[in-house]
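The values are calculated or read from the model by the stated rules, or taken from the named source; none is laboratory data. These figures come from a predicted structure and were not determined experimentally. Note: ideal-geometry Cβ built from the backbone for every residue, glycine included; neighbour counts use all protein chains shown.
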Amino acid sequence: MITKGTSFYIQRSARAALKRQDLSQVGLSELTGTKKTTMNRYMTDSPTPIETITHIASVLDDGIFNQQMANLVFNVLPVMESEVFSDNPHALEFLANKEEKERQGRQLEALYILSKNAECMTKEDKILLTQFVAEFLDEMLIETKLVLSIIERTGYTFSDMISQRIHYWIQVGYLKKKE
């Protein structure tokens with residue numbers, strides 16, 4: 001659980017986001033209402049409070065930065081940054097298909113195991129389910145990067161796309177209606 005007052009070092013990620021957004025550190029300090037000297041400390045050698053990270057992420061609205069901060073603060077899915085694979089929709093689609101086929105290879109086996117009563121599952125069953133989940137996570141990472149790389153080309157942001165899709169998710173029952 002993140003408590004008020006928790007701080008993190010965000011220098012590398014924040015500088016990369018500024019570069020992607022073609023924004024200066026001074027520009028960010030103006031947009032966030034943060035003193036230039038304070039922003040300079042966050043960008044060089046000081047930890048940044050979680051409240052400030054949230055505000056910076058909101059102002060930048062940079063999908064990669066937002067995902068990096070979610071990973072840093074909440075330990076959720078990390079952003080896929082690779083020195084091996086190209087960061088373009090064609091390469092990512094290929095990788096997504098590869099990962100999907102590997103996961104599908106284990107899917108029947110996993111469904112069979114999941115049809116067992118929990119008390120009848122063996123240690124080997126649990127290992128096989130863990131491998132199935134691991135391959136699912138591989139696929140999710142690639143799919144997330146693919147979506148982000150395509151969104152970059154649309155002129156929309158990740159937040160815009162989520163906002164546009166929420167109504168549909170509520171309509172089909174993926175999400176509860178807001179009260």
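Here are the numbers for this structure:
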{"quantity": "Residue, surrounded by the most Cβ atoms within 10 Å (Cβ to Cβ), within region 5-57, restricted to residues that are among the charged types (D, E, K, R) and under 16 Å from Ala70 (Cα atoms)", "calculated": "Glu51"}
{"quantity": "Complete set of residues in region 82-128 that are without any contact (Cβ under 8 Å) to a residue 12 or more places away in the chain and in a loop (DSSP other than H, G, I, E, B)", "calculated": "Ser82, Glu83, Val84, Phe85, Ser86, Ser115, Lys116, Asn117, Met121, Thr122"}
{"quantity": "Flag for Asp87 being surrounded by 13 or more Cβ atoms within 10 Å (Cβ to Cβ), modelled with pLDDT under 80 and under 24 Å from Ala57 (Cα atoms)", "calculated": "yes"}
{"quantity": "Region 56-80 residues that are assigned by TED's automatic domain parsing to the domain that holds Leu23 and at positive phi, paired with ones that are surrounded by fewer than 22 Cβ atoms within 10 Å (Cβ to Cβ) and modelled with pLDDT under 80 (beta carbon under 6 Å, 6 or more apart)", "calculated": "Asp61/Thr157; Asp61/Ser159"}
{"quantity": "Flag for Asp62 being under 30 Å from Leu18 (Cβ atoms) and modelled with pLDDT under 80", "calculated": "no"}
{"quantity": "Only listed residue being among the polar types (S, T, N, Q), without any contact (Cβ under 8 Å) to a residue 60 or more places away in the chain, touching a helix residue (DSSP H, G or I) at 6+ places or on another chain (Cβ under 9 Å) and farther than 17 Å from Pro89 by Cβ, chosen from Gln131, Gln171", "calculated": "Gln131"}
{"quantity": "Entirely in region 4-77, the helices (runs of 4 or more DSSP H) that have 1 or more residues that are more than 16 Å from Phe158 (Cα to Cα) and of a type in the set (Lys, Arg)", "calculated": "11-20, 36-44"}
